[in-house]
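Down below is the structure, laid out as structure tokens.
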Number of protein chains: 2
Amino acid sequence: MLHDPAQLDLMFQALADPARRQMVDRLSRGPASVSQLAEPLAMSLSAVVQHLNLLEASGLVRTQKLGRVRTCQIEPTALRAAEHWINERRLAWERRLDRLGEFLAETKDET
Amino acid sequence: MLHDPAQLDLMFQALADPARRQMVDRLSRGPASVSQLAEPLAMSLSAVVQHLNLLEASGLVRTQKLGRVRTCQIEPTALRAAEHWINERRLAWERRLDRLGEFLAETKDET
DNA sequence: TAAACACTGAAGCATTTACTTAACTATTGC
DNA sequence: GCAATAGTTAAGTAAATGCTTCAGTGTTTA
């Protein structure tokens, strides 16, 4: 579920926008309401709600409404999935470099 | 340079597209030419070049041309930067949860 | 030297994105 | 109950994205 390409699309796409990254950054310091998320952003509340809906659809943020205020939280599982995708590719590359280095060292010995 | 928001925009945006992620995935297994990158993708070579240019602009991929073939490689530093941004936010959130847990445990003791 | 190869670049086009404004629906406080 | 608060929804728009095709440019190879 977390490794399905469509979900990764949504997550990376969500993170590609500076306003949405700013929202995630704010949420990493604790839960916040929609208005609190909107406060530092130079755009209408409506625009913020649209960004928030994207973040929620991507799984990066979870929200719940109590009375008239919607409280938003980070969903660390989704962050971990994005992190993991990048990490696997980077490690694959680095392991390859290591093997290449060993191979070169060995063939040097053999001359 | 690696933490500048514009660069992060480019990196996450680059990773948001499934074709580009597939290209990164391919490159994580070793260098490839443009045609080799294009081969599994259901689109014109020209489209692949456009994706590749984005990947290069984002810093995720480095390329060099020898004769008529452009060889592409992963740039692990950039991958690490994206990874790092996510990781910091996730850890901030998880540390916050830990502190909250400790606080709750302590106040329970005190009753 | 001619043909095949490996790209490259520009133009065009349909779709998606990131907003805006305006009208609306619930809650909450007085 | 009435006003203020907190958020939602719809419609519209300008710009960006992800392609396409077509017409190139160098570089090998026969």
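The values are calculated or read from the model by the stated rules, or taken from the named source; none is laboratory data. Values in this document were obtained by computation on a predicted structure and should not be read as measured data. Here Cβ is always computed from backbone atoms with ideal geometry, including for glycine, and neighbour counts include all displayed protein chains. Side chains are part of the model used for accessible areas, which takes the heavy atoms of the whole protein and leaves out ligands, DNA and RNA. Shrake-Rupley method; radii C 1.70, N 1.55, O 1.52, S 1.80 Å.
Averaging sequence separations of C-alpha pairs under 8 Å and six or more residues apart, then dividing by the length of region B:5-109, give the relative contact order as a whole percent.
26 percent
Using a simple charge model, +1 on the beta-carbon of Lys and Arg, -1 on the beta-carbon of Asp and Glu, nothing else, what dipole does the protein assembly as shown show about its Cα centre, in debye to the nearest 20? Walk me through the numbers on the way to the answer.
Values: 30 positive and 30 negative charges, 110 e Å.
For this selection, approximately 520 debye.
Can you tell which of A:45, A:84, A:55 lies farthest toward the positive end of the dipole of the protein assembly as shown, using +1 and -1 charges on the Cβ of basic and acidic side chains (Lys, Arg; Asp, Glu)?
Comparing the listed Cα positions along the dipole, A:45 ranks first.
Given the -39500 (n - 2.57) contribution per DSSP H run of 4+ residues, what per-residue ellipticity at 222 nm results for chain A, rounded to the nearest 500 deg cm²/dmol?
On the way: 5 runs with 75 residues, N = 111.
Helices in chain A give a 222 nm mean residue ellipticity of -22000 deg cm²/dmol.
Please compute the net charge surrounding residue A:89, taking Lys and Arg as +1 and Asp and Glu as -1 over other residues with Cβ under 14 Å from its Cβ. Walk me through the numbers on the way to the answer.
On the way: positive: A:90, A:95, A:96, B:20, B:21, B:26, B:29, B:80; negative: A:83, A:88, A:94, B:25, B:75, B:83.
Net charge around residue A:89: +2.
About the Cα centre of chain A, how large is the charge dipole given +1 on each Lys and Arg Cβ and -1 on each Asp and Glu Cβ? Please answer in debye to the nearest 20. Before the final figure, lay out the partial values.
On the way: 15 positive and 15 negative charges, 148 e Å.
Computed charge dipole of chain A: roughly 720 debye.
Quantify how strongly other chains surround peptide B:10-19 by giving the mean number of their Cβ atoms within 10 Å of each of its Cβ atoms.
Working: counts 1, 4, 11, 5, 2, 11, 10, 4, 5, 0.
For peptide B:10-19, the averaged partner shielding equals 5.
Add +1 for every Lys or Arg and -1 for every Asp or Glu among the other residues with Cβ under 11 Å from the Cβ of residue A:5, and state the total.
Charge balance in the 11 Å sphere: -3.
How much accessible area does residue A:17 have with a 1.4 Å probe, in Å² rounded to the nearest 10?
40 Å²
What net charge is computed for the residues neighbouring residue A:33, neighbours being all others with C-beta under 15 Å from the C-beta of residue A:33, Lys and Arg scored +1, Asp and Glu -1? Provide the component values of the computation, followed by the final result.
Working: positive: A:26, A:29, A:62, A:65, A:68, A:70; negative: A:39, A:56.
Here the charged neighbours net out to +4.
In peptide A:63-74, what is the residue-averaged number of other protein chain Cβ atoms found within 10 Å of each Cβ?
So the per-residue partner count for this stretch is 1.
If we hang a label 7 Å off Cα along the beta carbon direction at residue A:91, how far is it from the matching labels on the other copies, in nm, shortest first?
Distances between equivalent label points, in nm: 1.7.
Where the centre of each part is set by its Cα atoms, how far does region B:1-74 sit from region A:1-59, in angstrom?
What the calculation gives is 26 Å, centre to centre.
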